[in-house]
Structure formats: structure tokens, C-alpha cells
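So the structure is just underneath, and the comments pick up after that.
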Amino acid sequence: MIKARCFSLCFLLFFVAQAQVTETLLTDELEPLEDITEDYQTLIDSSNTYYFEGNYRRSLEVNILLLKKALSENNIYNIHRGYRQLAYDYLAMNDTLLTKESFEKSEKYAKLSANDTATATTYMDMANLYATLKSDYETALSYHDKSIDLFKQIKDSAGLAKAHYNTILTALDAKDYPKAFLHLIKVKHLRDFEKHSSYHIGVESLFGEYYLAKENYEMADIYLTRAIAEAKEENLTVELEEAYKAYSKSLFGQKRFEEAYEAREQYEIYYKENIKNLTSAEVEAVSAKFQVTEYRKDVMAAELKNKMQAEMVASKSKLNRILIIVSTCAFLLLIGLLYAFRKRKKLVQLLRLKNREYLRAKKQSEKLARAKDQFFSTVSHELRTPLYGVIGLSTILMEDESLKSHEKDLKSLKFSADYLMALINDVLQINKIDSNKLAGETNNFNLRELFGSIAASFEYMRLQNNNKIHLIISDDIPKVLKGNSVRLSQILMNLVGNACKFTENGNIYIKAKATATNPKTTTIQFSVEDTGMGIAKDKFKEIFVEFSQLDSINYSYQGTGLGLPIVKKLLAQSNSKIQLESELGKGSTFSFSLSYECVQRIIKQEEVQTLDSNTLVGKNILIVEDNRINQTVTKKILEKNGIYCHIANNGKEAVEVVRKERFDLILMDLNMPVMNGFDATKNIREFNSTIPIIALTAVEIEEVRNEIYLTGMNDIIVKPYDVSKFIQTILKNINAKITCVLPATEKKAM
């Protein structure tokens, strides 16, 4: 909670301290940007107004104007302020890279400006950045100390009050309660220097949170009830939400359950109100984020212009010195000027030539990149679509009791299709890694369950080669870990797949042991061992080269040669390396180490239980799909669960059918003739905003994810899919049990 409120209150207090916003900018209708007076303070006031209205696009535009003006005039202090304003825009749009970059540039120009207030404020920004985005509390606290020391030197009591306030939040985050209390006492003596009510109420709440953490409920109640009363007078809903939340915890800790329940109800009321207020700002932030690239081009152009102007000034100064030195000799002056002119002309011509070459190369590079992305997107769709039919039909046929005599053939067919799917995924995975498009989401997962799932997926290959798979996990590894489980699965699947391919009548061991553990994190060494053919030492480097294959007299297996290169690149993105131990004829051992957060809880049963598929019986679902085989596969899977199905061959048919009939859910393909899934969804949403629509696609979803949700679809299923996950996704959307919980807006002084 403390992290979330860092920047919003920080910026709010900065906004209040800067200047009173021009009243003409507070009207509901936004005036054109060119009508805004290009005065630095006016631009900053305008940016602040748009920022707190949630209009980040406008705020971004104003800050770009401010930066361009400051850069053109080489106004160092206002360049610092422009980058600082931009950083908060990027933060609101969840662009952490640009946020960090802008804060660092702000810090750079604050130093160049030799303005102590700018420098002290920048220290505070960097502290908030490290605490909020990186959880690096040690670095954050060191920046806080610098900010406090400098505010003391320049005797800026208002700035000092905010610096202490921010230090309290970081210390509470780091659970450094003695440091938090020390700065709470200092803030209490400085609170009169900051007049804004949010600040005073925030101080009361922080005292309450400190005493709550120390389980001193009596003192916690005193401060929290005082904060609630003051926040009610000012109608500050965010402060009320935070205070009621902490107050309910205090009452609960005192076993005053009825009062705790009432306080919790008040918290829920303000929480919901704040969520509503956040929604429009979140949507605007997403919309504005798409224009960041264009805005950055303007800033980069202004920076280049500023740099060139600085070089020209330096060149001019140098020329003046030359003129003074040679002023006594007209002849030498003439020669010097002539030489300088000719040299400058050549440099300008060379610069123009290089610029033209650069622009041509840039356009060609962008064209090739787009062509490559389009190619892989097309490959993904064109290969996965028929594979969906093959895998789906083979799965359905395997479940047909009348075809038991062909079970072995059907299993071979499905294995071949799954194998082909794995090869396709390897090629696409390499492209994702090389293009830096690989997802990096983290989640809670059970390592033992993950090992079991991986082993189960190789059951057919294990039986085919007569191998045994052994799972060995040390007892000191926590049951629940937090990290990128998808990336770990991809690494282990490739290593186990290799072991299964090159081992016959042997054993495969998947191991995990903790090498370093503390209450917060654990470092685990993973290894995949086999008793297969082994690898010669002179081939160790070769096997990690893309598309390379090892020659073997005794083994004829052929593959893409992408598995181990993928493993190497995935581990490199996680700051780890693959280790190999092997000897011909004696098997191989691949090992690596990764660190994960320890989750100090056991997942509740209701968090993992699946939805009852019997509730689908009698539901009516529209399948919008142009491929006949895929229509058949999807229809059979749904009808097996008692669902009534209706087929639409394209988006236009789907729109017409939905106007006439009632459906519980729509499965919408994206690429179709006549009308695609995006346009069909937009048309349907014009007259029906409640029916769940799930995108059913074979393309790479990272390329179209935003477009899918912006057109009004509720969820995404990638073909070919796991049948059980497919059914659960449909259940989830029909039962409307998915809720998106947005964090409450919390504030931090600035």
C-alpha cells in the first residue's frame, strides 16, 4: 500500500507548492495547445491540471512543449523540470523504463543547473523511484538522506517536511520501524510548513500505521480516528480508505470484531468509490501510452537541436578566440577564415550525406523488421490453424470407444501433431527472444505440481523409449514460490525433451535443491540428468548454436536444433547460465540456478479448484469460424459437455445471428473473410454490451492482445489449446466470476 501511494501524493504536493493553476485551464472543455502562453510556469501549471484530471495525453503534449522550449533556449533548470514532469506522465502510463530514463535526465540537469532546491527535489524523486519500482530500499534511503541533508542546508522547511514524510513511507516498506519512528517525530515538528490537508491527514495515518505494526492498538486508534475525522471534513476519499483499512486491522487485533467489521465496511465503501475514480484515468493512460513513441521523437529532435546549438556556440567561441589572436595580421586572418569555411562546408556536406544514409538504413531496417514480424505472424496462424484440427480430431477420436482397436495409431497421430507443434513453437520462441518480445510476468506456483505436469507431458515419449522419469525435490524448498513459472517450464521442457529423445531403456532425473535460502528468497539449483548416449566434450559449444545437430552412428533422431539455444537465451534473460557435464556413453547432466521469492502462505483450496463443467449443460454458444475442420472440432468438444452450438462462417453472419438469437457466449475467430473478428465484435458491442466474447485465434497474441481487448472482447484462447483449460475459460466467462481488482490510489509527499 505504501508503494502505491508514493508518487501520487508526492506529485500532488509538488503541484500545490508550484503555483495556483490558471482558472481558465480548469474548464471542462480543453483549449487548443497552441493557445497556451509559452511561459514556463504556465506550461507547468497546465500539465499539472491535465495530469490530475487523468488526461495524460494532454499532460504529455504540454510537457513536450515545455521541454522543446527549454532545450531550444538551453534553459537548464527548466529542462530539469520538463523531464521531471514527463517522468510522472510515463509513470501514470506504467512505462517504467521511460519513467526511470526521465528521472535520471532530470537528476542530470538538476546537477547542471546548480540549483539546490532542484537537486534536493531530484534526490527525493530518485528515492521514490528506487523504493516504488525496484524495492531497493537501501539505495532509496541513501537518496532520502541526501535530500534531507540538502534541504537542511538551504533551510527549506517545507521541502524538509516532505523529505521526512517520504522517508517514513520507505522505512515502513522496509519494516525499519526505528527509522520510521525517528522521522515521524521530525515530521510532527515540521508539519506547519506544509499547509495542504492531505499532508496533515497522511501524517496522522502514518503514526497510526506505525503503532499498528508495533501492535500498540491504543495509540494506533487515537491517530487513525483523528485521521478519519479530518479526512471526512475535507472529503478526501483516498485518505479515508487507507485510514479505515488500518483502523479495521487495529480493531480486529483487539478482538473487537463487530467494530472491526463496521470499519471494514466503511473501507469497502471508499475503496469502491476510489476504484470508479481510477477507471477513467486508467483508460486514458492506456490510450496515451500509444502516442509515447511519437512524443519521444519530438523530445529527441529537440535534444539533438540543443546539442547542435551548444556545439555551434562552442565553435563560435573558439572562432572568436582565433580572431583575437590573429587580429594583428589581416593576411593570416583571411587564410584562417577561408580554411575554416571550406572545412565547415565539407563537414556539413558529409553530415548531410551521413544523415541521408542513416535515414535510408533506418527505413530499410524497419521495413525488414516489419516483414519479419508479419512473416512469423502468418506462419503462426497458417501452421497452427490446421494443427488445431489435427490435434483436436485425434483427441476426440481417442475418446471414441468404438475406435479402441486403433488407439495405438491414434496416439501416434496425436504424438506426431504435438511434436510438430513443439517444433513450430521453438521457431517462434527464438524469434520472440531475439525481438525482445518475451513476456516477463511473475506468479505464485507450486514447484512440485509443475514438475509433475512436465513429467506427465512426456509420458508417451517415455513409454516409447522405455525410460523412467524420477522427480527429486529437496524438502527445504518452500511449497509456494513467486516468479516466472512459464519461463521455468519452457527451460525444463526443452531439457527433459532432449533427455527423452537421446535416452533408451534408461533413467531420467529431474532434480531441484535449495542452495541459498532466507525468509524472503530462495536460490534453487535445477538439474536434468539422463543415462543416454552422452555428448563429446569438443561438441559442448556446438550444441548451443541454433539449428546445429550432432551426428551419431547409433542414433538417427533429427530435430530443429533450437531446444538448447532457447534454454541458453532464456537463462541469459534471467541472469543465469546453463552448465553441462557429459561423457560419451555415460549420459548427460544439464544444470542451472534461479532465485524465487518465498510465499509465506498455503494456497487455499478454493483458489485452485476448478469450476463445475456440468453448469454448461443447455448453454447456447455461437462459434464464429471460417475453417470447416476447426468448426467440427470446436463443436464436438462443446457438444460433449452438453452445449448447444450454432455456426457462423464469418463476422458478418455472426452480427446478423446475434441480432436475432440469444447466446450465452461467442467464440470469435479473428482472421475471416467478408468481415474479421475485430470488426464483428465492434458491431455486436453497438447493440449488445453484456454477452461474453472470447477471441479464438492461432496468431501470436502479444501482437494483437491490446487490439483484442480494445474492440470489446472479454478473453483470449490460443489454438491449439488444452481442452480442460478451454472449458474452464468458457465457464469463467459465462459465470462472470472474474473480477479485476484495481489497487487503491495511495499518496506520498513530494
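The values are calculated or read from the model by the stated rules, or taken from the named source; none is laboratory data. Because the structure is predicted, anything quoted here is derived from the model rather than measured. Note that we place each Cβ from the backbone using ideal geometry, even for glycine, and neighbour counts take in every protein chain shown. These accessible areas exclude ligands, DNA and RNA; they are computed on the full protein's heavy atoms, side chains included. Shrake-Rupley method; radii C 1.70, N 1.55, O 1.52, S 1.80 Å.
Using the Cβ-Cβ distance between Glu597 and Glu268 with R0 set to 25 Å, the FRET efficiency from 1/(1 + (r/R0)^6) comes to roughly 0.30.
Residue by residue, the stretch 327-342 carries 3J(HN,Hα) couplings of 4, 6, 10, 4, 5, 5, 4, 4, 4, x, 5, 4, 5, 5, 5, 5 Hz when phi is fed to the Karplus relation 6.51 cos²θ - 1.76 cosθ + 1.60 (θ = phi - 60°); x denotes Gly or Pro.
For the pair Leu351 and Leu471, the difference between a 0.36 nm per residue extended length and the Cα-Cα distance amounts to 36.9 nm. Here the stretch 566-597 is scanned for amide nitrogen atoms under 11 Å from the site 7 Å beyond the Cα of Ala514 along Cα-to-Cβ, giving none.
Multiplying the residue separation of Gln728 and Thr615 by 0.36 nm and subtracting their alpha-carbon distance yields 39.6 nm. Peptides 663-672, 512-521 ranked from most to least packed, by the mean per-residue count of other Cβ atoms within 10 Å: 663-672, 512-521.
Placing dummy labels 7 Å off each Cα toward the beta-carbon, the span from Thr690 to Glu661 is 2.0 nm. Listed peptides 334-347, 162-175, 616-629 appear in the order 162-175, 616-629, 334-347 once ranked by packing, highest mean of other Cβ atoms within 10 Å at the front. Taken one residue at a time, the phi angles of the stretch 450-460 give Karplus couplings (6.51, -1.76, 1.60, θ = phi - 60°) of 5, 4, x, 5, 5, 4, 5, 5, 9, 4, 5 Hz. Gly and Pro are set to x. Peptides 496-507, 724-735, 220-231 ordered by packing proxy, namely the average of other Cβ atoms within 10 Å per residue, highest first: 220-231, 496-507, 724-735. Label sites at Lys232 and Ile324, each approximated as a point 7 angstrom past Cα along Cα to Cβ, lie 7.3 nm apart.
If R0 is 30 Å, the Cβ-Cβ spacing of Leu368 and Thr589 corresponds to a FRET efficiency of close to 0.15.
Computing FRET efficiency as 1/(1 + (r/R0)^6) for Ser489 and Ser405, where r is the C-beta to C-beta distance and R0 is 51 Å, gives about 0.90.
Wrap a convex hull around the Cα atoms of the stretch 131-247, take a quarter of its surface area, and give that in square nanometres. Don't jump to the answer; show the numbers that get you there.
Working: hull surface 28.4 nm².
If you wrap the Cα atoms of the stretch 131-247 in a convex hull and average its projections, you get 7.1 nm².
Starting from 0.36 nm per residue, how many nanometres of slack lie between Asp145 and Lys539 once their C-alpha separation is accounted for? The partial results should precede the final answer.
Values: separation 394, 0.36 × 394 = 141.84 nm, distance 5.41 nm.
Result: 136.4 nm gained on full extension.
Taking all protein chains together and rolling a 1.4 Å probe, Arg448 ends up with roughly 80 Å² accessible.
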